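Heads up: the structure comes next, in C-alpha cells.
Every number in this text was worked out from the coordinates using simple rules, so none of it is lab data. Bear in mind that the values here come from a model prediction, so they are computed numbers and not experimental data. In this analysis, Cβ positions are derived from the backbone assuming ideal geometry, glycine residues included, and neighbour counts consider all displayed protein chains.
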Amino acid sequence: MAVKPSQNDSRTQVRMRARRLRFRRFFAYLGYSLVAAILAISLLEFGAFLVLSAYHRLRPDADGFFADASPAYAGYPWAPDFWKEETSRWKLARGSYEPFLIWRVAPWHGKYVNTDDTPYGMRRRTINPTNCEPSSRSDVWVFGGSTVFGTGVPDWATLPSLLSRELNSHARGCVVVTNFGNEGYVSNQEVILLMEQLKAGHRPNIVVFYDGVNDSYAGVVSPGIPTAHVSLANIKARVEGSLAGRLDFLRNSNALQVARMAAHSLGRSASAASPEAREIQAKAAATLDNYEANLRIVRALGQAYGFRIFCFWQPAFVYGHKPLAPFELRIADNDSLKQSFQDMGVVYQQAERRAAKDGTFIFLGSLFDSTNEAIYLDRWMHLSPVGNEIVAQSIAQHMEQR
C-alpha cells in the first residue's frame, strides 16, 4: 500500500525546489555579471587602444620610448625595418633576474639587433676587428645604461662599436671593445657588474664608464633616491608581495596608460606637487656624491687589478646649448616631462662644476652645443648613429691624449 506523503514532506520539497531555484538564479546572475564585466573591460581596453593609436599617430614624439618618426633616421632606407624590429624587441625580449644586479641583458637575435652569449654573459654585439693577435690585443670594457647598450641603434652604430672603430683606426695593435651596457642600469649596478667580472677571472686593459642620464633620473625624479636603481617601486612591490606587486601586470594596459595621460593633462597646473628647489639641489649633490664614490671604488679596483679607468658624463638635452631641432624641442617641451627634465638639469649643472674642479670624470654635457641636426631619439636622450659617432670620437680622443 502506497504511503501518502505528509504535509511536512511536501513543504520540505517545496522549500528545496525554491532554494535550488534561488541558487540557479544566483549563479545565472553571477555568470551574466562576469560575462558583462569581461565584455566591458575588453571594450574599454580596445577603446583605449584606439585612443593611444590615434594619439601616437598625431604625436609620435610625445611620450613614447621609441621615436621611429625621428628625423635623425630620415636618410636611412633601412630605418622602417629597424624600428619594427627594435619595437618588437622592447615588447617581447624579457631579461631575467641577476643576483645583486636585479636584471640582466635579454637574449635577442635579429637583423639589426643581437645579444650574444659570451664568456662575460649575455652582451650586446660589438663590431670589432676579426684578426686580433693575442700578443697585440688590448681589451676595453665599456659600462653604462641603455645608451651604451645601444637602444635605438643597430649593432654597428652602438657607442662601443663606433669606439672600437675609432680606437683601431689609430692603435698600433688591436683593440677589442666589449659592451657591458645594460638598459636601465645606474653606476651602482655597473660597479657590481665590474666586480663580478673581475671575480670570475676576466681582466681588461681599460675600463670606460659612461653615465649621467640614469643616475640623474633615479636620483632626483624617480624614485628620487640618489643611491637607488630605476623602477624601484615596481620591483620592491613584487619582492614584498604587496597588492600593487600582484596587480603589476595591469601597469601596461592601454586603459591605464590613457588614464595616466589624462591625469598628467589635468595635473599640469598642479605645481605644488613638484619638489622645492632646495630639495632638488640636495638630491643632486647626493647623486653626484654617490657617483664619485663609485668612481673611487673603480679606481681602487684598477690599481689592484692593473687596468686604466676613463669616466665620462654623457650629453643630454636637459643641459647645454645645443640648438634643438623641432622634433627634439617637442620632446623637451612636453608638459608632463618638463619638470623632470629641469630637475635632471640641476644634476648636470653640478656635474659640470665637479668635473672641472677635481677632474675625476670628463663632462660631455655640452658636446653637442654646435650640432644643429637632430640626434636625440626620445625622452631618455638615446642617440642616433651620428650622435654616437660624435661621442665615440670624443671619448677616443680623450683616451689617446692620456
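Each principal axis of the Cα cloud of region 63-196 was evaluated for its coordinate range; sorted largest first, these ranges are 46, 39, 23 Å. When peptides 201-210, 392-401, 93-102 are sorted by average Cβ neighbour count within 10 Å, with the highest value leading, the order is 201-210, 392-401, 93-102.
When you work out D = kT/(6 pi eta Rh) for region 112-162 at 37 °C and 0.692 mPa s, using the Kirkwood radius from C-alpha pairs as Rh and the Stokes-Einstein form, the result is 275 µm²/s.
Its Cα centre serving as origin, region 282-402 has a Cβ charge dipole (Lys and Arg +1, Asp and Glu -1) of approximately 440 debye.
Summarising the strand pairing of region 117-197, around 25 percent of its internal DSSP beta bridges are antiparallel.
Database remark: amide H of Val207 closer than 5 angstrom to the amide H of Trp141, Arg308, Ile309, Phe310 (H placed geometrically; neighbours at sequence offset of 5 or more, or on other chains; Pro and chain starts carry no H).
Under 20 Å from the 7 Å Cα→Cβ point of Ser370, by amide nitrogen: which residues of region 316-338? Inside the label zone: 316-317, 319-325. Per-residue 3J(HN,Hα) values for region 222-238, derived from phi via the Karplus relation 6.51 cos²θ - 1.76 cosθ + 1.60 with θ = phi - 60°, read 9, x, x, 10, x, 9, 9, 9, 6, 6, 4, 4, 5, 5, 4, 5, 5 Hz in sequence order (x marks Gly and Pro). Other residues within the sphere of radius under 14 Å centred on the Cβ of Gln393, judged by their own Cβ, net out at -2 (K and R +1, D and E -1). Put simply, when 227-234, 122-129, 374-381, 14-21 are sorted by average Cβ atoms within 10 angstrom per residue, most first, you get 374-381, 122-129, 227-234, 14-21. Bridging of Lys84 to aspartates and glutamates at a Cα separation below 17 Å is possible for Asp61, Asp68, Asp155, Asp378, once same-chain residues fewer than 8 apart are set aside. About the Cα centre, and with charges only on the beta carbon of Lys, Arg (+1) and Asp, Glu (-1), how big is the dipole of region 86-155? Nearest 20 debye, please. That gives region 86-155 a dipole magnitude of about 280 debye.
According to the Kirkwood relation over distinct C-alpha pairs, the hydrodynamic radius of region 333-397 is 13.5 Å.
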